[in-house]
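Below: one structure, written as structure tokens.
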Amino acid sequence: MDFRLSDEQEALRSSVREFAREVVAPTIAEHYEQHTFPYEIVRQMGKMGLFGLPFPEEHGGMGGDYFALCLALEELARVDSSVAITLEAAVSLGAMPIYRFGTEEQKAQWLPKLLSGEALAGFGLTEPGTGSDAGGTRTRAVLDGDEWVINGSKAFITNSGTDITALVTVTAVTGTRPDGGKELSTIIVPSGTPGFTVAPGYSKVGWNASDTHELTFDDCRVPAANLLGERGRGFAQFLRILDEGRIAIAALAVGLAQGCVDESIKYAKERQAFGQPIGNYQAIQFKIADMEMKAHTARLAYYDAAARMLAGEPFKRQAAIAKLHASTVAVDNAREATQIHGGYGFMNEYPVARFWRDSKILEIGEGTSEVQRMIIARDLGM
Ligand SMILES: Cc1cc2nc3c(=O)[nH]c(=O)nc-3n(C[C@H](O)[C@H](O)[C@H](O)COP(=O)(O)OP(=O)(O)OC[C@H]3O[C@@H](n4cnc5c(N)ncnc54)[C@H](O)[C@@H]3O)c2cc1C
């Protein structure tokens, strides 16, 4: 057992760290305040190859693996989570379903631009009326000749409405299974398809420089060939995508948790109270020690889940544990970092204010903490 990184992994980590500090940190606060999408940062991330990290070179990828993506996400989120979730959603929710389940034609059509970061894709599972209970999907797709006709709506879809969004994959009910249950399938809907409407962006608590929209499909017609993978396999497909995605969200949460440690140490050394830096007080030191302990253990949890996944072993429980633990830790660390910053922690000019606002969604997106507990308990035979 060896959790030390290889030279190649260390090199990736330090180049993303440098990019996050030198390119993301100076400009992201303004995007966050203005609720604008950081196109220039995304363009540079594309040039660095971050969108192609876990994909083979034959599709335009970097030939790395899912763990490489996680390392990049951790380093980005250490500075900013809007940028990190843009990458996470683009890769693990946007491009990955096409890579995993697409035909050769679909891969050739979409992957090169998605993996270069020139284009983004969204993953439309959640609906206004159902999220955790994804089996409750109401969006329907009916085959009419050689076209699917889609009707319904999707809620909170990341990367679905940017100027460079090329498509959204949508889960829809396409029939009834022999056991009477809903037959769910996944269909590619290119941006700009008539009948596909992207609502204005939500007003969010956090992730304010990321792109999130409600989508509606009103007699939206796409070719039958846009079916992604086998008809009726939609449920199995999104379970696979979400299992992997949880490791990525855990990495992102660890980054935020570690960013809270970074900012707290810096502030505690500078801020004076009662004649000395607050970092001299044991109460502050212990808070920071606890924060570091939490970030470290959460990191080990996602390393373990990723190692199992890459070894081809079962990893569902470990991914859920990593996501549950890392998101809890992120919220804890954001709260403590804000406390260490005192009144300045409540001011948006300090990164910890962003960390605080960005932490809560980690306990909700890609499966709530309750859903993670359900997965763990089920895997324990309960
Ligand atoms: C900013 C943002 C970006 C997102 N991006 C995407 C995206 O790109 N694609 C996408 O498809 N979705 C996306 N989502 C949706 C996200 O995954 C869902 O919000 C999440 O899965 C929870 O679903 P819900 O909001 O419908 O909550 P609900 O499922 O309605 O849950 C409400 C509460 O009830 C609890 N609950 C539900 N069932 C049970 C149960 N059986 N036992 C105990 N408690 C239960 C939940 O844990 C939660 O606390 C995004 C959400 C946000 C906010």
*Which lysines have a Cα less than 25 Å from the Cα of Lys294, not counting those fewer than 8 places away in the same chain?*
Lys266, Lys269, Lys316, Lys323, Lys360
*When a footprinting reagent is the concern and you count Cβ atoms within 10 Å, what order do Phe55, Phe156, Phe346 take, fewest first?*
Phe346, Phe156, Phe55
*Stretched out fully, how many nm does the piece from Asn280 to Glu22 gain, at 0.36 nm a residue minus the Cα gap?*
89.9 nm
*asked:* Taking the 0 to 90 degree range and rounding to the nearest ten, how far is the long axis of helix 369-379 tilted relative to the main principal axis of the chain, both from C-alpha atoms?
replied: 70 degrees
*What percent does the relative contact order of the chain come to when contacts are Cα pairs within less than 8 Å and at least six residues apart?*
16 percent
*What's the FRET efficiency of Arg138 with Glu33 using the Cβ-Cβ distance as r and R₀ = 41 Å, to the nearest 0.05?*
0.70
*0 to 90° range, to nearest 10: angle between helix 7-19 axis and the chain longest Cα axis*: 80 degrees
*May I ask for the angle, rounded to the nearest 10°, between helix 39-48 and the longest principal axis of the chain, with both axes built from Cα atoms and the value confined to 0 to 90°?*
90 degrees
*For an R0 of 41 angstrom, estimate the FRET efficiency from the Cβ-Cβ distance between Gln44 and Leu380 and round to the nearest 0.05.*
0.40
_Using Cα-Cα distances under 8 Å and only pairs 6 or more residues apart, what relative contact order does the range 122-230 have, in percent?_
31 percent
*Which of the GluC sites (Glu not before Pro) across the range 187-280 are loop residues per DSSP, with 14 or fewer other Cβ within 10 Å?*
Glu230
*When ranked by the protection proxy of mean other Cβ atoms within 10 Å per residue, highest first, what sequence do the peptides 360-369, 251-260 form?*
251-260, 360-369
_Cα gyration tensor category, rounded, prolate or oblate, for the range 7-120 with a/c compared to 1.5_ = oblate
*asked:* Rounded to whole Å, give me the distance from the Cα center of the range 328-342 to that of the range 1-53.
replied: 23 Å
_Among Gly343, Leu125, Pro200, which residue has its Cα furthest toward the positive end of the charge dipole of the chain, with +1 on Lys/Arg Cβ and -1 on Asp/Glu Cβ?_
Gly343
*For the range 236-379, with only Lys/Arg (+1) and Asp/Glu (-1) charged at the beta-carbon, what is the dipole magnitude about the Cα centre, in debye rounded to 20?*
120 debye
*Is it possible to state the helix-based mean residue ellipticity at 222 nm for the chain, with each DSSP H run of 4+ residues giving -39500 (n - 2.57), the sum divided by total residues, to the nearest 500 deg cm²/dmol? What is it?*
-15500 deg cm²/dmol
*Which FRET efficiency value, to the nearest 0.05, is calculated for Asp218 and Gln339 with the Förster distance at 51 angstrom and r the Cβ-Cβ distance?*
0.60
*Pairwise centroid distance, computed over Cα atoms, of the range 94-117 with the range 271-324, Å*: 34 Å
*Determine which lysines satisfy two conditions relative to Lys47: a Cα distance under 16 Å, and not lying fewer than 8 residues away in the same chain.*
Lys113
_Spelling out what I want: for every residue of the range 20-25, take phi, set θ = phi - 60°, compute 6.51 cos²θ - 1.76 cosθ + 1.60 (Karplus), and round to whole Hz; glycine and proline get x._
4, 6, 8, 10, 6, 3
*Between Val168 and residues 5 or more places away or on another chain, which pairs have amide H atoms under 5 Å apart, with H built 1.01 Å from N, and which residues are they?*
Gly122, Val189, Ser191
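Taken together, the values in this text are just the output of simple stated rules run on the coordinates, not laboratory data. A quick note: this is a predicted structure, and the numbers were derived from the prediction, not measured. So basically every Cβ, Gly included, is an ideal-geometry build from the backbone, and we count neighbours across all protein chains shown.
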